[in-house]
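Working notes for the structure below.
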Amino acid sequence: MTAATRRSPGRPTLTERRREDTRGEVSRTAARLFTERGYDATTVEDIAAASGMALRTFYRYFRAKEDTITRLFGTGIGDWVHRLADADPGLGLLDALRTSYAEAVRHSRAGEVDDAQLRALMRIVDGHPALRAVWLNVYRDSEDQLRPAIAARVGRDPDDLAVRLAAGTANTAVRIAMERWAAGDGPGSAEEAVAQALAEVAGGGLLGEGENGA
């Protein structure tokens, strides 16, 4: 039996783990340079040099400068999906989404970026279409990942309208909460902002107030 055969299904190889570790290191370096120098003033050559790699090596991991932040923005999404699948079956869907997201953020963002750096980085995104596209693509992908997890939890097909709406609503609530939090200067954390948004969704928000908004 070969090593590949013995490896558990879905478990990354040592090479894959090393590659992901390298991507993470370069992503953190790029985020630091973007927030310290500005996005436009930071070149791919700067990121490669600060990461201790040759320029051609950089392009083995990333297609372009803006791609370096994909991992940072996507950190926790996969973990969120896994934790949602494992959440207490007794929890309602929104409670399960809320608790699994909080756990994923605390676990996955450890050692990546703190709230201050994340807020600064997200403010840079608004002024750069390429970065904005990365940000929106991360959330588009997260919605696709959420659908099967939600479907399995509620016993419906992933393409069911209610499942698609639930995934889209939760995903959009998280994205808007993060954007609103980043644009402000309040003392609350990103995690608290997301919890508030999901609670608003759970309460029905304006859509739950009736046609007259009363």
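Please determine whether any residue of segment 145-166 is within 30 Å of Thr35 (Cα to Cα) and modelled with pLDDT of 85 or more.
yes
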Within segment 1-28, restricting to residues that are part of a loop (DSSP other than H, G, I, E, B) and of a type in the set (Val, Ile, Thr), the one that is modelled with the lowest pLDDT is Thr2
Test of understanding: among Ala31, Ala41, which residue is modelled with pLDDT of 90 or more and surrounded by 20 or more Cβ atoms within 10 Å (Cβ to Cβ)?
Ala31
If you go through segment 36-59 one residue at a time, do you hit one that is in contact (Cβ under 8 Å) with a residue 24 or more places away in the chain, over 19 Å from Asp115 (Cα atoms) and part of a helix (DSSP H, G or I)?
yes
Odd one out for Leu94 among (1) at pLDDT below 90; (2) more than 30 Å from Ala199 (Cα to Cα); (3) aliphatic (A, V, I, L, M):
(2)
Across segment 43-82, the tally of residues that are of a type outside the set (Lys, Arg) and within 30 Å of Ala149 (Cβ to Cβ) stands at 18
Provide a single number: the residues in segment 142-198 that are surrounded by fewer than 21 Cβ atoms within 10 Å (Cβ to Cβ) and in contact with an Asp or Glu (Cβ under 7 Å, 6 or more places away or on another chain).
4
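Which of the residues spanning segment 139-153 are among the acidic types (Asp, Glu) and under 17 Å from Ile176 (Cα atoms)?
Hits for segment 139-153 are Asp141, Glu143.
The values are calculated or read from the model by the stated rules, or taken from the named source; none is laboratory data. Being a predicted model, the structure only gives us computed values, none of them experimental. For neighbour counting, all protein chains shown are included, and Cβ atoms are generated from backbone atoms with ideal geometry for every residue, glycine included.
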